[in-house]
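Down below is the structure, laid out as structure tokens.
The values are calculated or read from the model by the stated rules, or taken from the named source; none is laboratory data. Please read these numbers as outputs of a predicted model, since none were measured by experiment. Note that we place each Cβ from the backbone using ideal geometry, even for glycine, and neighbour counts take in every protein chain shown. The protein model used for the area step is the full one, side chains on, heavy atoms only, and it has no ligands, DNA or RNA in it. Shrake-Rupley method; radii C 1.70, N 1.55, O 1.52, S 1.80 Å.
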Amino acid sequence: YMMRMKKHTLMISLIGLLILIVLAGFYLLRDTVNIPETAENYEELQIQIDFDKHSECIKIWQGTDGTYYFFLPSGGKMTDLRFVNIGKNNTLLIKDPNNQTECSAENFCGDSILFNHTYEIELVRENGQCFDPVPLQFKKSANLAAAFIETESRSLDAIHASKEIEEKASLTLYDEEGKVDCRQNIQYIRARGNSTFTDFDKKAYQIKLYQDTSLLKMPRGEKWILLANAVDDSLIRNALVYSFAGEYTSIPSVDGEFVDVYVNGIYEGNYYLCEKVEIDKNRLDITDLEAYNYTENDKSDVEYATPYLSEDGRIKAFTGIKNPKDITGGYLLESIPGASFSSIESGFCTQNGLFFEIVSPKYATVDQANYICNLFNEFEVAIAS
């Protein structure tokens with residue numbers, strides 16, 4: 001009897017273990033690819049493309065001329081390209097008007113795709129509804145990394161509404177060969193920029209990882225920037241300036257790499273993934289004056305100091321904070337529009353009317369703000385002379 005009970009218990013344990021393995025595999029697969037719902041029209045069509053170890057779904061994109069596009073990353077495997085949300089009883093016909101050929105999506109071979117070539121696709125619903133054929137092109141990048149970001153809300157609406165909104169997300173970064181460079185959850189993604197944020201549809205973003213990480217062989221860091229280059233049709237001006245600075249000056253320069261960016265399956269375009277300009281040994285290795293402020297004062301004295309605005313309105317700083325012995329550096333500044341001056345913590349306006357935010361130290365003393373402002377005024381006089 002005892003032997004039978006042991007065998008029975010062992011059998012139940014094995015069955016339970018098998019169920020757990022199956023469920024784990026299911027959830028792992030579900031985490032890899034979010035299978036979309038059946039497409040009701042052309043605008044909802046998606047394809048799945050495989051990489052070295054993972055798969056990604058990419059949504060169709062419609063141009064202003066009515067042509068539809070699939071923008072494919074360079075590292076994806078064309079042999080495993082497939083439509084994923086046509087539906088079991090629907091049909092998607094792919095026609096090549098030049099060759100007078102036609103096939104269904106189920107028999108469509110990614111290896112045979114002609115890029116920049118116009119196909120026609122026709123969606124036929126199971127109820128007999130037949131949509132008019134529309135033009136479709138496939139485009140594929142060459143030798144570019146690809147960043148796939150999934151936001152918690154599956155939308156960018158909140159992030160695009162305000163630069164103050166931060167949203168949790170996940171990031172999978174593939175190199176140009178399709179190998180995973182980074183795959184992890186990220187603390188947040190948020191929009192950034194001044195005029196580029198307000199005046200252009202293609203937004204720039206900042207992402208923050210949970211730990212210092214090297215991306216595409218760049219030095220490790222937590223915060224990274226995705227520059228949209230929205231005002232530059234060539235897309236290369238920022239990269240050129242950073243490259244020249246690193247090659248021909250002693251100024252610590254920004255390292256970066258071009259990437260294709262997909263957010264929630266939608267191709268957002270070509271971006272420049274680069275280091276965030278911040279004071280750090282792996283970034284801008286200058287004296288950390290903000291750290292000295294905290295060393296000289298209690299944390300609460302710094303963060304609850306009294307805001308100060310000069311009589312002429314040109315200096316914003318804080319009183320009640322002791323200065324360290326040396327206030328000559330380093331300062332991290334950002335040029336800002338005058339309309340943003342009232343919303344910053346510390347900053348100054350030069351005699352020629354240029355506005356700067358003092359990013360670090362964030363809570364600058366009056367002496368520190370006056371020092372760096374006077375330095376800029378002297379610089380402007382020297383330039384004018």
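Residues in segment 149-161 that are more than 19 Å from Asp212 (Cα to Cα) and in contact (Cβ under 8 Å) with a residue 12 or more places away in the chain: Glu150, Thr151, Glu152, Ser153, Arg154, Ser155, Leu156, Ile159, His160.
The set of residues in segment 94-123 that are open to solvent by less than 40 Å² (accessible area, probe 1.4 Å) and in a strand (DSSP E or B) comprises Ile94, Asp96, Ser104, Tyr119, Ile121, Glu122, Leu123.
Count of segment 309-322 residues, restricted to those that are surrounded by fewer than 17 Cβ atoms within 10 Å (Cβ to Cβ) and not acidic (Asp, Glu), is 6. Taking the condition free of Cβ contacts under 8 Å to residues at least 12 places away in the same chain, surrounded by 15 or more Cβ atoms within 10 Å (Cβ to Cβ) and farther than 30 Å from Ala230 by Cβ, does Tyr294 pass? So Tyr294 passes the test. Here is the figure for segment 140-189: residues that are acidic (Asp, Glu) and in a strand (DSSP E or B) total 3. Each residue in segment 342-385 was checked for being open to solvent by 20 Å² or more (accessible area, probe 1.4 Å), of a type outside the set (A, V, I, L, M, F, W, C) and part of a strand (DSSP E or B), and 1 of them qualify. In segment 219-236, the qualifying residues are those that are of a type outside the set (Val, Ile, Thr) and over 17 Å from Asp260 (Cα atoms), and the one that is surrounded by the most Cβ atoms within 10 Å (Cβ to Cβ) is Gly221. Just one of the listed residues (Thr287, Thr306) is open to solvent by 40 Å² or more (accessible area, probe 1.4 Å), out of contact with any helix residue (DSSP H, G or I) (no Cβ under 7 Å at 6 or more places or on another chain) and closer than 28 Å to Leu209 by Cα, namely Thr287. Per the listing Tyr188, Tyr210, Tyr205, Tyr174, the residue uniquely open to solvent by 20 Å² or more (accessible area, probe 1.4 Å) and under 20 Å from Tyr262 (Cβ atoms) is Tyr188.
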